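A quick write-up on the structure given underneath.
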Amino acid sequence: MSRIGKHPVTVPSGVDVQMNDKDVTVKGSKGVLSMTFVDDVVVEREEDKIWVKPGNDSKRARQMWGMQRTLLANLVEGVSNGFTKKLDVVGVGYRAAVQGNSLNLNLGFSHDINYPIPEGIEVKCPSATAIEISGADKQKVGQVAAEIRSYRKPEPYKGKGVKYADEYIFRKEGKKK
């Protein structure tokens with residue numbers, strides 16, 4: 001039995017949820033998100049709570065139950081509060097800056113990297129070595145953060161590169177004489 005799926009998704013005030021058969025559209029202060037549920041789950045609404053239950057006793061229905069509930073909870077959380085990922089740029093001369101609709105990264109290559117900021121994502125650079133990515137769609141925020149990190153992943157000797165703010169870099173010992 002799903003431990004996540006047993007709990008209802010609470011809809012806060014200011015969030016409007018429209019349910020049409022298997023399609024759900026969630027509107028809030030941060031934007032509008034929608035998703036389509038798989039056929040193996042049943043969605044029921046009681047005032048400010050939404051219950052996701054397995055449609056039958058098959059293995060797939062039990063597998064989808066908790067995941068579909070979590071996806072719905074992420075939609076509600078995204079349009080009400082939004083999601084944020086923080087990245088740190090570590091290295092001498094490494095820096096980041098937002099210029100118009102793109103993120104300019106100087107990561108020690110012979111050229112600067114201009115990363116175009118996608119629609120629905122907001123990128124801020126509070127300092128030259130910090131990047132904050134925020135938006136309503138959790139998947140999109142994580143994808144943008146992963147793409148920016150992939151330009152120069154942190155290396156294990158000095159820790160230089162782009163890393164998540166809460167990421168621990170396992171350090172290796174250098175060469176010995």
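Please determine, by comparing only the residues of region 1-27 that are assigned to a strand (DSSP E or B) and surrounded by fewer than 18 Cβ atoms within 10 Å (Cβ to Cβ), which one is farthest from the chain's Cα centre (by Cα). Break it down into steps so the answer makes sense when it comes.
First pass over region 1-27, keeping only residues assigned to a strand (DSSP E or B): 9-10, 16-20, 23-27.
Checking the rest, the ones that are also surrounded by fewer than 18 Cβ atoms within 10 Å (Cβ to Cβ) come to 10, 16, 18-20, 23, 25, 27.
On the way: THR10: 20, ASP16: 21, GLN18: 23, MET19: 24, ASN20: 26, ASP23: 21, THR25: 19, LYS27: 18 Å.
Here the answer is ASN20.
Residues are listed down the side, and each one gets a yes or a no for (1) modelled with pLDDT under 95; (2) part of a strand (DSSP E or B); (3) touching a Ser or Thr at 6+ places or on another chain (Cβ under 8 Å); (4) not assigned by TED's automatic domain parsing to the domain that holds LYS140:
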| site | (1), (2), (3), (4) |
| --- | --- |
| LEU87 | no, yes, no, no |
| GLY93 | yes, no, no, no |
| ALA96 | no, yes, yes, no |
| ASN104 | no, yes, no, no |
| PHE109 | yes, no, no, no |
| TYR115 | no, yes, yes, no |
| GLU119 | yes, no, no, no |
| PRO126 | no, yes, no, no |
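Scan region 78-94 residue by residue and report those that are crowded, with 18+ Cβ neighbours inside 10 Å and out of contact with any Gly (no Cβ under 7 Å at 6 or more places or on another chain). Step through it out loud before you land on a result.
Let us first name the residues in region 78-94 that are crowded, with 18+ Cβ neighbours inside 10 Å, namely 78-79, 82-83, 85, 87-89, 91, 94.
Listed by number, the residues that qualify are GLY78, LEU87, ASP88, VAL89.
Any chance region 49-59 includes a residue that's surrounded by 13 or more Cβ atoms within 10 Å (Cβ to Cβ) and within 21 Å of the chain's Cα centre (by Cα)?
No, region 49-59 contains no residue that is surrounded by 13 or more Cβ atoms within 10 Å (Cβ to Cβ) and within 21 Å of the chain's Cα centre (by Cα).
Taking interchain pairs and intrachain pairs at least six residues apart, which have beta carbon atoms under 8 angstrom, with the first residue in region 140-162 and closer than 30 Å to LEU75 by Cα and the second assigned to a helix (DSSP H, G or I)?
That search, which allows pairs on different chains as well, returns VAL162/ILE148; VAL162/ARG149.
The values are calculated or read from the model by the stated rules, or taken from the named source; none is laboratory data. If you're wondering where the values come from, they're calculated on a predicted model, not measured in any experiment. Every residue, glycine among them, receives a Cβ derived from its backbone with ideal geometry; neighbour counts consider all protein chains shown.
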